[in-house]
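Reviewing the structure listed below.
Computed from the coordinates by the stated procedures, all read-outs in this text should not be read as laboratory data. Just so you know, these numbers come straight off a predicted model, no measurement behind them. Reconstructed Cβ throughout: ideal geometry from the backbone, glycine too, with neighbour counts over all protein chains shown.
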């Protein structure tokens, strides 16, 4: 199938735009790849330190026999459901390495925080920048420079982008990502949301709410909605960085252990065959576009309009929201998974999952098949569903037709001819909206605004019944420089309640709404942010705002001369002081000062 002309055009303009930085990146990669292996290159004391704790047989292999040595970077902790299953992966990987005549070492660990735990608290203000901390921790782990390949163990929101950014600094290493899979289905996401809305109205108490939440989040694995964590896994499949079909296999499934072993065999196969497939070559401009297409086709997390900009930059590739917007015009929506539908990711997997979506996109000319991946067969290998025989051997079967066309559909009969994300621009700045879950009659909202300087202030106003009308809620001072750009997902229940009462409501913010943002229209990531002098700092209560997702505009309907003359308000001093104190936020002050805009990936390291 010939590549769609828009996909081809976007790819080409990214290649041209990125030429200086990408060339420089590849030069550094080549220099690193052409060096001798670490045990031959380093001094004797360095080598002795590197392998001092290894079992004798492993030490013999790596030092004397020059066997390949694979570095493991893990996000394991036993507090977070998504990462708890990773506990036993390193030993499994080491066993498999020995079978292949190689060695493996845990090079280092990275922090993994859960936005579900910190949502609505001060700790959430560390969340976005934890991505860059994870990237730095990955770099520290691999900086020992004695590895021939790497395995990245991690799953959730900031963890995978952080691991990916860090791994790309060592772009000369073959690298495979190893997930743990989603938890089994509990209380449905729809039922959970209903209880949250009842709690927001005071119709159920804490005991009932906690019971519902505990039934929804009940075991090991990622949350079952299609938020940032599970969008991560979809994108890694589309980028060819997983063992094919690994993303949504449950932690307890029999095939999961074999897929983890296969990850080691895959990275080892690259090193032994001397196949030039380092991660810095795999993640090229076409790979990034494939990831963007997969995000749009599945109605994935809005967070990736920040994270994948940063990931691309780590590989010397420059993308922006215009690229996402252009692709969204031609990429059809092929799946409906909560919050874009009723299904959870387990049902998505059973209906066809990533394999079905990738095959449909390839066949429609919307993804590029002839890309480098960690496997030898290109992206077509990622259209299969894995299973294991009784002897443990893996095999893949074509995803076939959709098992449930309420969940996944072919490209010839999509849920929508357009992707799930839309760029908005106007006199309030540039922002994005996730429209895949928003009812069609809510794509255009024009109403007076109410301005809030914090999400807590909005909750107070809601509880006081001050918001029962057509209304656009502006929540500002929530960008990277202001307070680290926390997710504002706690705003979803009260706004959904107002919408459920028949009011036309929307949110406009320079903060994030997470991969769980749903049926309420939300213009998020507004850039420039208020703290950087953006237009949200000029908005006043009562201003009429028009959010038009059809036209792609976000405007405050104030006379142009009056708007131009209006003063930009400074961030309140009380907020500045509060944002920097407590919960470790003091340590992130330099990140807030140096953060780029959301459209530039909110990077603190450029």
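Some observations on this one:
- Computed [θ] at 222 nm, deg cm²/dmol, the chain (DSSP H ≥ 4; -39,500 (n - 2.57); rounded to nearest 500): -11500 deg cm²/dmol
- Extension gain for the segment residue 64 to residue 40, taken as residue separation times 0.36 nm less the Cα-Cα distance, is 7.6 nm to one decimal.
- Cβ-derived FRET efficiency at R0 30 Å, residue 16 paired with residue 275, nearest 0.05: 0.60
- For segment 84-163, the relative contact order works out to 33 percent when only alpha carbon pairs closer than 8 Å and six or more residues apart are counted.
- Radius, Kirkwood style, for segment 117-182 when every pair of distinct Cα atoms is counted (Å): 12.6 Å
- Burial order of peptide ranges 452-463, 356-367, 45-56 (average beta-carbon count within 10 Å, highest first): 356-367, 452-463, 45-56
- Histogram of C-alpha separations across segment 1-135, 10 Å bin width, %: 10, 23, 23, 27, 16, 2
- Compared with the dominant Cα axis of the chain, that is its longest principal axis, helix 189-200 is turned about 40°.
- Computing Rg and the Kirkwood Rh from the Cα coordinates of segment 421-600 gives a ratio, Rg/Rh, of 0.95.
- Relative to the 2.2 N^0.38 Å rule of thumb, segment 530-606 has a C-alpha radius of gyration ratio of 1.40.
- Quarter of Cα convex hull surface for segment 397-453, i.e. mean projection, nm²: 7.1 nm²
- For segment 421-600, the antiparallel share of DSSP beta bridges with both residues in that region comes to about 55%.
- Inter-label distance for residue 606 and residue 577, nm, one decimal - labels placed 7 Å from Cα along Cα-to-Cβ: 3.5 nm
- Relative contact order for the chain, counting Cα pairs under 8 Å that sit 6 or more residues apart, in percent: 15 percent
- Segment residue 57-residue 461, length gained on full extension (0.36 nm per residue, minus Cα span): 138.8 nm
- Sorted by Cβ density within 10 Å, fewest first, the residues 373, 228: 373, 228
- Converting the Cα gyration tensor eigenvalues of segment 355-490 into ellipsoid dimensions via √(5λ) gives semi-axes, longest first, of 43, 19, 17 Å.
- In percent, rounded to a whole number, the relative contact order of segment 137-233 is 34, using alpha-carbon pairs under 8 Å and six or more apart.
- Each label point was placed 7 Å from the Cα along the Cα-to-Cβ direction; for residue 32 and residue 398 their separation is 4.0 nm.
- Length released on extending from residue 87 to residue 550, taking residue separation times 0.36 nm less the Cα-Cα span: 162.0 nm
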